[in-house]
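Remarks on the structure that follows.
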Ligand code: HEC
């Protein structure tokens, strides 16, 4: 009888552990593929605020730049998962080609040019966030 009780307890324990494990794996997975979970660490946010936001948020005056890329849309749910991934890819591409901020603008505002460190940091951030979004 003692053995049977022990066996029952073991079975209950294993079932419970399994349920907790699969629950936590599942919720992690859901967290990973959610656009809301794109992270903007402080150092990234500072660079974006200083060098990109004049043109790439909802308040920006330039319609073309904000319609192409609006950082507010990552957090307010306007970008779907697919769209957010694409925009992150474009960020890496534009920075690889040294195309942002635009050359014309930099002539008037040379202090807005990204340093190599800033550009590298933004690129590795965008790459990582894109990987997390696609669940890789
Ligand atoms: C002076 C305004 C201005 C600033 C500052 C600026 N951009 Fe842009 N950006 C534009 C304009 C205009 C476009 C649209 C034309 C184009 O694609 O070249 C654009 C387009 C882009 C695109 C392409 C989006 C797409 O889907 O085609 C990316 C990515 C981008 N910018 C990233 C950045 C980043 C990152 C920064 C900061 C380091 C930045 N931009 C700073 C004006 C700006």
Checking residue 135 against (1) loosely packed, with under 13 Cβ neighbours inside 10 Å; (2) in contact (Cβ under 8 Å) with a residue 12 or more places away in the chain; (3) within 8 Å of the ligand (Cβ to nearest atom), the condition it does not meet: (3)
Single condition residue 61 does not satisfy, out of (1) within 27 Å of residue 132 (Cβ to Cβ); (2) modelled with pLDDT of 75 or more: (1)
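Residues to consider are 106, 88, 114; find the one that is assigned to a helix (DSSP H, G or I) and over 17 Å from the mean Cα position of the chain (by Cα).
Details: 88 fails: over 17 Å from the mean Cα position of the chain (by Cα); 114 fails: assigned to a helix (DSSP H, G or I).
Answer to the selection: 106.
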Checking residue 79 against (1) under 24 Å from residue 115 (Cα atoms); (2) assigned to a loop (DSSP other than H, G, I, E, B), the condition it does not meet: (1)
Residue match in region 88-105 (condition: out of contact with any strand residue (DSSP E or B) (no Cβ under 6 Å at 6 or more places or on another chain) and away from the ligand (no atom under 11 Å from the Cβ)): no
Checking residue 107 against (1) farther than 20 Å from residue 74 by Cα; (2) touching a residue at least 24 places away in the same chain (Cβ under 8 Å), the condition it does not meet: (2)
Residue within region 66-77 that is modelled with pLDDT of 95 or more, within 10 Å of the ligand (Cβ to nearest atom) and over 15 Å from residue 51 (Cα atoms) present: yes
Residue in region 115-123 that is closer than 18 Å to residue 64 by Cα, touching a helix residue (DSSP H, G or I) at 6+ places or on another chain (Cβ under 8 Å) and near the ligand (Cβ under 10 Å from one of its atoms) present: no
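The values are calculated or read from the model by the stated rules, or taken from the named source; none is laboratory data. Since we're looking at a predicted model, the values are computed, not measured. FYI the Cβ positions are ideal-geometry reconstructions off the backbone, even for glycines, and counts take in every protein chain you see.
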